[in-house]
Amino acid sequence: MTTLATAPRARTAAASSARPGAHLAADVWTMVRRCVLLVSRDVDSLVMGVALPVMLMVVFVYVFGGAIQAGLDGTTYLNYVTPGIVLLCAGFGAANTALAVQQDVAGGIVDRFRSMPVTAWTLLVGHVVASVVKNLVTTGVVVGVAYLMGFRPDATLAEWLGAVGIIVLWVVAITWAATFVGVVVRSVDAASAATFVMLFVPYVSSAFVPPQTMPALLRGFAEHQPVTPVIETIRGLLTGTELGTSPVLAVVWCVGIATVFAVLAGVVFGRRRHRAG
Amino acid sequence: MNDSPAVEAEGLTHRYGSVGVLDGVDLTLHRGEVLALLGPNGAGKTTTVRILSTLLEPTGGRARVAGFDVVREARRVREVISVTGQSAAVDDKLTGRENLVTMARLAHLPRAEVRARVDELLDAFDLASAAGRRVGTYSGGMRRRLDLAAGLVARPRVLFLDEPSTGLDPRARQDLWDVVRDVVAQGTSLLLTTQYLEEADQLADRVAVLDGGRVVADGTPAALKARVGEAAVELDLATADDAARVGSALGLVPGPGVGEPGATTALRVPTDGTLAHVRDVLDRVDATGVVPRGWSVVSPTLDDVYLALTGHPTEHPTEQEDAA
């Protein structure tokens, strides 16, 4: 081994600044870069993230679709169900983020970050941004497959942008919820169990069947849970169904969920250093 | 502040719930020095390192690193330290180079310097040829070297290594020690925890023995060994009769000290370990006409020190200290 110039030496003025905000933007960017790289190397979950929604779409459209179609008027079931599949796909991506955060927290790397002059929650932001990037890719593939199957949205460019915007908002919201789960739970199993909810909740919404067909109790839940306004907004923008108050509700839900869980995750993550480890 | 010791801890205490882990730890690491924190599982080694590296707040007591308070000036402390813990702090899915680049950026190295610094570390840690491979494919020794390199990108003034060679094979351990000596030679102060007495002996200028949450002994390896006893010439004799004859010639009573307790065929002759003295002892044995079955010069090991100070032998080296 060659000799090593490790001699401690004075750092540049910029580097030795103790102001917490001095390197915030650079730290966030480094964390985002790391998390995106990690996601891109996790081929298994990427394949799964695309394959699962595509298989679900095939099952819903070609297996259940015929029966469900009878209860729909004016649109094809494929047009009806595609936005729901996109959200399901986002839920799957968020579940993976919970696992990634849990692994970071359980492993040694968080301790290294915390022992460096880096603001700790930039790591969480890195995971959330990586999740958004990943979901945009998988959503693109899902919509592409839907198109091949006959999905024909009649949206203008502005409507497309709006739909993408609401999908991103939703992904940010549930990814923050998943990040909170990842920070709180102590094991991979617990993270999987907790995120199961994210995969299940879309089923009791207007994602796959109109809530009017459900029993009163479920229908009440389906009509007032956050997935439904998000779905109705995407559906309205892409396929021209009635929008109503859905966009407003969707944005309020997404921003609310994102804010609450981002704050909770940040607080719990920041507090961990007082605990055993 | 530049004249401050690398580490100064006074009366550090820590409790997890109702369980006390640290019970008043006093430590000083002078600048440029290597201090080994030696202790059995649960003695509080990891907890001490976590407090000093700002990962954990102490329940009581005070600690300063490079003159900065670990609680009130944690951020300043983080700018001058690096800590490498027991679980590897590297990403398996990234390549060795990507890992180091990430750390260099988080350490706020000037952009223009990142590449050169990463190349330099990859060379120094013998990882240049594996730089483009994912860390998941590395051997345990390579991974540990990368972990250490990642901690050194920012040229820390004070380095904490928590059981650096646990789980490494002897060859990988030697390589790691070489790298650590190299780093220390450049002026970095090092506090390492270990369960391996040999590691403390090899690397440390000073050893602090931690037991039950307190420092029970602190000194150079040689001074600690001297506290337990001096070197001795041990003679193994064929019969009790022989032992008595040699013993009276040397002015000693045969007895315990060698072999089994109560043995009457063994003699332990204190020596300063010099050639002249050992020769003198052997000449006097020779003069009695008795031929010993065997003889050796023994000096106390850190194991003896450890046993004498803590009342229990060192732990099995593969066990992990678990402070959680």
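The values are calculated or read from the model by the stated rules, or taken from the named source; none is laboratory data. Just so it is clear, the structure is predicted and the values come from calculations on it, not from any experiment. Backbone-built Cβ (ideal geometry, glycine too); neighbour counts: all protein chains shown.
Before moving on, here are some points about what is shown:
- Within region B:77-98, the set of residues being under 19 Å from B:THR28 (Cα atoms) and surrounded by fewer than 20 Cβ atoms within 10 Å (Cβ to Cβ) is empty.
- Out of B:LEU146, B:LEU159, one residue alone is of a type outside the set (D, E, K, R), more than 21 Å from A:ARG41 (Cβ to Cβ), surrounded by 22 or more Cβ atoms within 10 Å (Cβ to Cβ) and more than 8 Å from chain A (Cβ to nearest Cβ). It is B:LEU159.
- All positions within region B:105-116 that are surrounded by 15 or more Cβ atoms within 10 Å (Cβ to Cβ) and within 9 Å of chain A (Cβ to nearest Cβ): B:ARG105, B:LEU106, B:ALA107, B:HIS108, B:LEU109
- Residues that are assigned to a helix (DSSP H, G or I) and closer than 15 Å to A:GLY182 by Cα within region A:109-121 comprise A:ILE109, A:VAL110, listed in sequence order.
- Scope region A:101-122; condition among the hydrophobic types (A, V, I, L, M, F, W, C) and more than 10 Å from chain B (Cβ to nearest Cβ); matching residues: A:VAL101, A:VAL105, A:ALA120, A:TRP121
- Matching option when the condition is in contact with a helix residue (DSSP H, G or I) (Cβ under 9 Å, 6 or more places away or on another chain) and under 19 Å from A:ALA95 (Cα atoms), among A:VAL172, A:VAL145: A:VAL172
- Failed item in (1) more than 14 Å from chain B (Cβ to nearest Cβ); (2) touching a residue at least 60 places away in the same chain (Cβ under 8 Å); (3) part of a helix (DSSP H, G or I); (4) not basic (Lys, Arg), with A:GLY126 passing the rest: (1)
- Some residue of region A:150-159 being within 19 Å of the chain's Cα centre (by Cα) and at pLDDT 90 or above: no
- Elements of type strands (runs of 3 or more DSSP E) contained in region B:1-97, each with 2 or more residues being at pLDDT below 90 and in contact with a His (Cβ under 9 Å, 6 or more places away or on another chain): B:19-29
- Residue in region B:124-131 that is surrounded by fewer than 21 Cβ atoms within 10 Å (Cβ to Cβ), facing chain A (nearest Cβ under 9 Å) and under 23 Å from the mean Cα position of the chain (by Cα) present: no
- Conditions (1) touching a Leu at 6+ places or on another chain (Cβ under 8 Å); (2) among the acidic types (Asp, Glu); (3) without any contact (Cβ under 8 Å) to a residue 40 or more places away in the chain: number failed by B:ASP91: (3)
- Going through (1) in contact (Cβ under 8 Å) with a residue 12 or more places away in the chain; (2) more than 14 Å from chain B (Cβ to nearest Cβ) one by one, A:TYR147 falls short only on (1).
- Residue ID - surrounded by the most Cβ atoms within 10 Å (Cβ to Cβ), chosen from residues in region A:167-189 that are more than 15 Å from the chain's Cα centre (by Cα) and in contact (Cβ under 8 Å) with a residue 60 or more places away in the chain: A:VAL183
Rundown of residues vs (1) more than 19 Å from B:ASP218 (Cβ to Cβ); (2) outside the structural domain of B:LEU159 (by TED's automatic domain parsing); (3) touching a helix residue (DSSP H, G or I) at 6+ places or on another chain (Cβ under 6 Å), yes/no style:
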| site | (1), (2), (3) |
| --- | --- |
| B:HIS30 | no, no, no |
| B:GLU33 | no, no, no |
| B:ALA43 | no, no, no |
| B:LEU52 | no, no, no |
| B:GLU73 | yes, no, no |
| B:ARG76 | yes, no, no |
| B:ALA88 | yes, no, yes |
| B:MET103 | yes, no, yes |
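- Every residue from region A:190-244 that is more than 21 Å from A:LEU72 (Cβ to Cβ) and buried (at least 22 other Cβ atoms within 10 Å of the Cβ): A:ALA191, A:THR195, A:MET198
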